[in-house]
Amino acid sequence: MVSRVIPVDPFDLVIFGGTGDLAKRKILPGLYRRFLGGQMPADSRIIGGARADLTDEAYRAMVAAAIDEFVPPDRKNPEVITDFLARISYVSIDATVEGGWEKLKTLVRPGVVRAFYFSVAPALFGDLAEKLHQHGIADTTCRIVVEKPFGRDLASAKALNATLAKYFTEDQIYRIDHYLGKETVQNLMAVRFANILFEPLWKAEYVDHVQITVAETVGVNGRGAYYDTSGAMRDMIQNHMMQLLCLIAMEPPYHFDPAAVRDEKLKVIRALDAVKPSDIVRGQYLAGGGEGGYVEHSENPNSKTESYLALKVSVSNWRWKGTPFYLRTGKRLRARTSEIAITFKEPPHSIFDETSGWKENVLVIRLQPNEGMDLLVMIKEPGPGGMRLTQVPLDMSFADALGEDAEDVPDAYERLIMDVIRGNQTLFMRGDEVEAAWAWTDPIIQGWEARGHKPQGYDPGSSGPEDALMLMHRDGRRWREIKG
Ligand code: NAP
């Protein structure tokens, strides 16, 4: 199968925070791969910006080192790297003070697509927007890309939206949630809306429950001070997992376009019931396996921040009434895995007896590792043993289905940056979506704070706190095993 690469229009992309971790690990290697893949036109420019006093040469050397470290060996082509680096320059600029802005103005060309990537701390988003406007660098045709976290509660998200709205219209603002850039997540929409097979069953009548799991093996090492201001609810549930839930639960949009898709996602968020405290399990990993526990890393021995969260969520609308969505995420768990599992109900009447070995149909959408989908179906166990049933996966691994092309599946950041250049906002969060998500999250967090709620300890390498098992057991269900 040959994948089609459609080049985007020539662009100038300014990366504020161009020397930071995200730029080096994701944004710049991703742009290189799009250049290598023929999608980034030769007549495009990348301008890194940060406070450090660097020459263009020194910055190019930094980018070359980032490509060396974060691009797989078989994708490194020395000639292409040299060509790519020739399109990169640097400006020393501070978001909070004058200096550097006039130089930036001379570097950004009118007449091409112009995008400004705010890969800096969110506290600087407002300053950057204001300076771009004051210096006449960004006009009504430019785009800005903003990173997470987008606020830490409803009030701060509203304030940030209001600040950006002073200088940019909503159709110029691209709020990144990199989960939406993952191939499988988009494939979820293709599977739902390009096939007749699934959508008729996609409702409470046929779906028993949905599980969404994002499990990590790493702890908060080195990021403890930051994470202590966040926790699993703000870091994972309010944004990434909420977006996954929306894509599963939303009604078919009338068209695959930004307004239609985002309208449908917003309706899902607004339909979420408030979560009862008894439907939430918070956990914090303990010391073990030669590593300190969460509190040792957080620098606060009394930290009550959750590194694990499991929730039972209800979507109150006609389609989903009665079908729970179980969400769980955590650090220092048994394996690194992200998946969505949709478990279907029993057939209305079984013609097989109770010993036949029947199990539910499950559609598993794997985000990592090994992106792809499995549909677990029942077949007859081969052989002469009578009518015994066995569950087998109809495996839709991208690596198998696409062969060599799977290597070229762009990483989430690559795809999203190309979407910014194309001016396609479908996979970016709209301001009202982000606010609605915080409006649902805020009371939960405020409840913990008011009660001084302390998370339950769990062992590193486990599948989370004991109570999380009970969250499903009491409903007669069980979590899928966390395995890599
Ligand atoms: P980082 O490694 O701390 O880099 C911050 C960047 O901002 C550096 O280039 C820094 O360079 C620049 N900077 C700091 N103060 C500045 C100022 N006053 N004016 C202009 N530039 C300034 O941070 P990061 O990890 O790359 O994260 C960047 C953003 O992405 C944050 O919003 C973060 O939450 C988000 N994010 C990061 C990741 C990740 O994996 N790293 C994942 C998701 C989201 P100078 O110090 O030289 O100015």
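Okay, here's what the table says:
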{"item": "Per residue accessible area in Å² of segment 11-147, where ligands, DNA and RNA are left out and the probe is 1.4 Å", "result": "41 Å²"}
{"item": "For segment 146-162, 3J(HN,Hα) per residue [Karplus equation, 6.51 cos²θ - 1.76 cosθ + 1.60, θ = phi - 60°, Hz, x = Gly/Pro]", "result": "10, 8, 7, x, 9, x, 10, 6, 4, 5, 5, 5, 5, 4, 5, 4, 5"}
{"item": "Across LYS166/LYS304; LYS24/LYS103; LYS103/LYS158; LYS276/LYS483; LYS312/LYS380; LYS76/LYS131, pairs whose alpha-carbon gap is larger than 25 Å", "result": "LYS166/LYS304; LYS103/LYS158; LYS276/LYS483; LYS312/LYS380; LYS76/LYS131"}
{"item": "Segment 204-347, accessible surface, carbon-and-sulfur percent (1.4 angstrom probe)", "result": "52 percent"}
{"item": "Degrees, to the nearest 10: 56-70 long Cα axis against longest axis of the chain", "result": "20 degrees"}
{"item": "Label-point gap, in nm, between ARG270 and THR141 - each point 7 angstrom along Cα→Cβ", "result": "3.5 nm"}
{"item": "Segment 11-147, relative contact order [Cα under 8 Å, separation at least 6], %", "result": "32 percent"}
{"item": "Sites ALA225 and ARG336, calculated FRET efficiency, Cβ-Cβ separation with R0 30 Å, nearest 0.05", "result": "0.80"}
{"item": "Whole-percent carbon and sulfur share, accessible surface of segment 115-172, 1.4 Å", "result": "57 percent"}
{"item": "Relative contact order (%) - the chain, alpha-carbon pairs under 8 angstrom, separation at least six", "result": "18 percent"}
{"item": "Spacing of the two label points (7 Å from each Cα toward its C-beta) at HIS349 and GLU291, in nm", "result": "5.4 nm"}
{"item": "0 to 90° range, to nearest 10: angle between helix 412-422 axis and the chain longest Cα axis", "result": "60 degrees"}
{"item": "Mean Cβ neighbour count within 10 Å, used as a protection proxy, ranking 348-354, 55-61 highest first", "result": "55-61, 348-354"}
{"item": "In sequence order, calculated HN-Hα J values of segment 456-464 (Karplus, 6.51, -1.76, 1.60; Hz; x Gly/Pro)", "result": "7, x, 9, 6, x, x, 9, 9, x"}
{"item": "Peptides ranked, highest mean first, by Cβ atoms within 10 Å: ranges 236-248, 421-433", "result": "236-248, 421-433"}
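The values are calculated or read from the model by the stated rules, or taken from the named source; none is laboratory data. Bear in mind that the values here come from a model prediction, so they are computed numbers and not experimental data. Every residue, glycine as well, gets a Cβ built from its backbone with ideal geometry; the counts of neighbours run over all protein chains shown. Just the protein is used for accessible areas: all its heavy atoms, side chains included, with ligands, DNA and RNA removed. Shrake-Rupley method; radii C 1.70, N 1.55, O 1.52, S 1.80 Å.
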